[in-house]
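Everything below concerns the one structure shown next.
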Amino acid sequence: MSRPLIWRRRLAAAFVCPLALCLGLATAASAHTPSPSPSSVPGYAALGDSVASGTGAGPGSGDCRRSPGAYPVLWAGSHRPAQFAFAACSGAKIPDVTARQLPAVPPDTTLVSITVGANDVGFVDVLTTCVLGGEDACLDGIARAEQVMDRDLPGAYQQLYRAVGARTAPGARVVVTGYPHLYADRACLTGGLTQREVTALNAAVDHLDRVIEDQTRTHRDVVFADVRPRFAGHGLCSPDPWIHPPSLLALSVSFHPTAEGQRHGYLPAFASAAAGHRFPQ
């Protein structure tokens with residue numbers, strides 16, 4: 001089979017979006033009913049990238065694509081903190097969080113959520129290469145991203161956590177979430193990836209989450225929230241995926257958590273990590 005024909009078949013397989021899934025974006029945030037119970041949290045700030053801003057969880061607003069279906073909005077709706085700074089922005093990297101998002105955080109904030117790091121290692125480019133390129137190019141891209149994880153991320157996270165600690169109230173809880181496996185652990189037509197590519201992508205997510213978790217261990221008030229157990233059985237190619245497939249009809253949400261992924265994956269993982277902390281008053 002010729003190389004151009006292989007490429008065209010991979011491209012055709014990649015950009016298939018089920019109609020029901022695409023139409024479901026418009027109702028992503030409507031199912032949430034806020035709890036009447038007020039929170040003991042004086043101030044909550046949500047920082048990070050497109051996962052934290054809720055891209056793919058319902059209609060997003062502005063360049064940052066902040067959605068009412070994002071896990072920070074869902075948590076704030078049910079816990080009603082005295083202040084809520086929703087500063088997360090699509091495309092953000094770790095330096096963006098420090099330079100552009102932290103200034104919006106009130107100094108008496110006592111709870112912070114952060115989801116960031118995938119853009120710093122070029123994960124979007126890796127996914128594009130894996131979907132449109134061959135297996136060798138995909139695996140090479142993954143290997144380069146993992147090198148960046150080990151070389152650049154530890155220092156960047158340490159700077160970020162120090163900056164957050166200096167900005168927020170003493171003893172504030174900082175919950176740093178990881179990322180889920182994008183695929184169920186098998187090859188399928190969604191994305192046209194081989195078994196080796198799927199396995200390598202999931203292993204790269206494990207690598208990134210491991211780096212994130214390791215960097216939280218050196219800060220007493222910074223904790224890691226692992227979302228992978230919540231997403232187990234809900235990756236692409238599963239019967240009930242909580243991840244948007246790559247699609248020409250919805251490029252901006254491709255590979256992002258759906259509304260279900262935010263509500264049933266990220267929200268409980270974050271809430272569990274935040275619960276039980278004695279917030280400074």
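The residues in the range 86-103 that are in contact with a strand residue (DSSP E or B) (Cβ under 7 Å, 6 or more places away or on another chain) and in a loop (DSSP other than H, G, I, E, B) can be counted, and the count is 3. Here residue 226 does not fit the description of being open to solvent by 30 Å² or more (accessible area, probe 1.4 Å) and free of Cβ contacts under 8 Å to residues at least 40 places away in the same chain. Of all the criteria given as (1) assigned to a loop (DSSP other than H, G, I, E, B); (2) under 20 Å from residue 52 (Cβ atoms), the one not satisfied by residue 239 is (2).
Look at (1) assigned to a loop (DSSP other than H, G, I, E, B); (2) open to solvent by less than 20 Å² (accessible area, probe 1.4 Å); (3) modelled with pLDDT of 95 or more and you find that residue 212 fails only one, number (1).
Residue 219 satisfies every condition listed in (1) closer than 18 Å to residue 125 by Cα; (2) assigned to a loop (DSSP other than H, G, I, E, B); (3) open to solvent by 10 Å² or more (accessible area, probe 1.4 Å) except (1). Could you tell me whether any residue of the range 125-133 is under 23 Å from residue 259 (Cα atoms), open to solvent by less than 50 Å² (accessible area, probe 1.4 Å) and modelled with pLDDT under 95? Yes; the residues of the range 125-133 include at least one that is under 23 Å from residue 259 (Cα atoms), open to solvent by less than 50 Å² (accessible area, probe 1.4 Å) and modelled with pLDDT under 95.
Contact map, the range 111-123: first residue farther than 16 Å from residue 154 by Cα and open to solvent by less than 10 Å² (accessible area, probe 1.4 Å), second residue modelled with pLDDT of 95 or more and not β-branched (Val, Ile, Thr), Cβ cut-off under 6 Å, separation 6 or more or different chains; pairs are 111/44; 111/173; 112/45; 113/46; 113/72; 113/270.
Quick one: how many residues across the range 61-85 are open to solvent by 50 Å² or more (accessible area, probe 1.4 Å) and not in a helix (DSSP H, G or I)?
Within the range 61-85, the first condition is being open to solvent by 50 Å² or more (accessible area, probe 1.4 Å), and the residues that meet it are 61-63, 65-66, 68, 79-80, 82-84.
Then drop every residue that is not not in a helix (DSSP H, G or I), which leaves 61-63, 65-66, 68, 80, 82-84.
Residues in the range 61-85 being open to solvent by 50 Å² or more (accessible area, probe 1.4 Å) and not in a helix (DSSP H, G or I): 10 in total.
The values are calculated or read from the model by the stated rules, or taken from the named source; none is laboratory data. Computed from a predicted model, the values in this text were never measured in an experiment. Note: ideal-geometry Cβ built from the backbone for every residue, glycine included; neighbour counts use all protein chains shown. Side chains included, ligands, DNA and RNA excluded: accessible areas come from the protein's heavy atoms. Shrake-Rupley method; radii C 1.70, N 1.55, O 1.52, S 1.80 Å.
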